[in-house]
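Student: Just passing along the structure, written as structure tokens.
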Amino acid sequence: MVLVDDLLTDTLALCISDCFDASFSHPFIGLQTISVSDSLKPIPKRWVEDVEILDEGFGAEDLDVLGEGPTTCWTLEESKKKLRDALARLDLREDLVQHQDMHKMGKHELATEKRRVKQELKRYDTEFRRQFMRLPTHTEKEPMRPLYVYYRRLKTMISQADQGRARRGSGTAANAGSDDDGPGLRLGPRESFASIPDNEDNPGAMGVSSLRDQVTSLEARINSLQSEKAAVRARLQAFQEKFVSENNRKIRFHKDILPIERQYRMYKNLKEEIMRTEQQLRDLRAGA
């Protein structure tokens with residue numbers, strides 16, 4: 001048996017000895033390689049079935065798909081509570097947001113009341129910015145509409161009082177502010193919720209219509225993007241609910257969202273565009 005093993009070993013050695021000969025060469029033997037760290041040049045991930053969705057921005061905000069992230073604005077009830085608190089501080093009723101003796105006030109009293117209302121409107125913006133690191137949009141200011149209407153009404157009455165004084169009792173001063181539905185008392189959809197500047201009462205600082213137009217344009221753009229994002233999110237949410245129902249698990253892998261890949265990418269792009277536009281709006285207001 002030992003002889004057979006020795007014979008096989010010698011025979012195999014003769015067959016492969018050339019492969020291990022010192023003179024044997026091959027292009028791969030002298031091949032030089034370099035190592036590049038993944039941080040400098042990462043190997044791109046392929047769109048494969050088992051790549052798990054970790055941080056794709058698919059559910060990074062309130063009530064978004066794939067879970068609940070941090071809230072980005074107050075709920076409607078929270079906003080309404082802010083209005084109720086402001087009315088309480090102003091000693092105004094919810095069913096009639098105006099001072100009971102408003103039409104008996106002189107110019108000085110109207111100006112004082114206007115400053116009080118302005119303070120509450122700015123308080124709403126300040127608290128919102130403190131919590132969410134941005135100013136509220138027109139839609140997010142909607143619950144405060146009654147106070148904005150009252151504020152503009154006070155401004156109109158002060159303006160009419162000034163005009164009446166200039167005309168020296170021409171008769172219109174006596175009726176200043178008596179018509180609740182008169183010119184200048186109704187608010188447009190954009191003007192009503194524009195942030196009130198601190199220097200608004202300074203006549204020399206009113207030449208900022210261009211800046212307000214830019215702010216209004218950006219806010220309108222944000223509202224439009226938010227509406228579009230909400231529509232896409234609704235489709236993604238419907239897909240997720242159907243997926244959970246059929247597979248008894250949540251969406252986890254890229255393969256799970258292949259049927260809605262286009263909407264998924266659109267959703268991400270909309271979120272990024274909203275962030276960029278909001279940053280432009282913050283920069284514009286900061287430089288005002």
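What follows draws every value from the coordinates through simple rules; no lab data is involved. Every value quoted in this text rests on a predicted model; they were computed, and no experiment measured them. Virtual Cβ from ideal backbone geometry, glycine too; neighbours counted across all protein chains shown.
Student: Order of 151-158, 72-79, 31-38 by packing, highest average Cβ count within 10 Å first?
Tutor: In decreasing order of mean packing, 151-158, 72-79, 31-38 become 151-158, 72-79, 31-38.
Student: Among the listed pairs Lys82/Lys141; Lys242/Lys268; Lys80/Lys141; Lys81/Lys155, which are separated by more than 18 Å between their Cα atoms?
Tutor: Too far apart for the 18 Å limit: Lys242/Lys268; Lys81/Lys155.
Student: Can you list residues whose amide H is under 5 Å from Phe253's amide H, if they're 5+ apart or on another chain and H is modeled 1.01 Å from N?
Tutor: Ile53
Student: Once segment 112-172 is represented by equal point scatterers at the alpha-carbon sites, with solvent omitted, what log10 I(q)/I(0) does the Debye formula produce at q = 0.12, 0.22 Å⁻¹?
Tutor: -0.42, -0.87
Student: Next question. Just going by the charge dipole of segment 81-131, with Lys and Arg at +1 and Asp and Glu at -1 on Cβ, which of Gln119, Met102, Leu90 is farthest out on the positive end?
Tutor: Gln119
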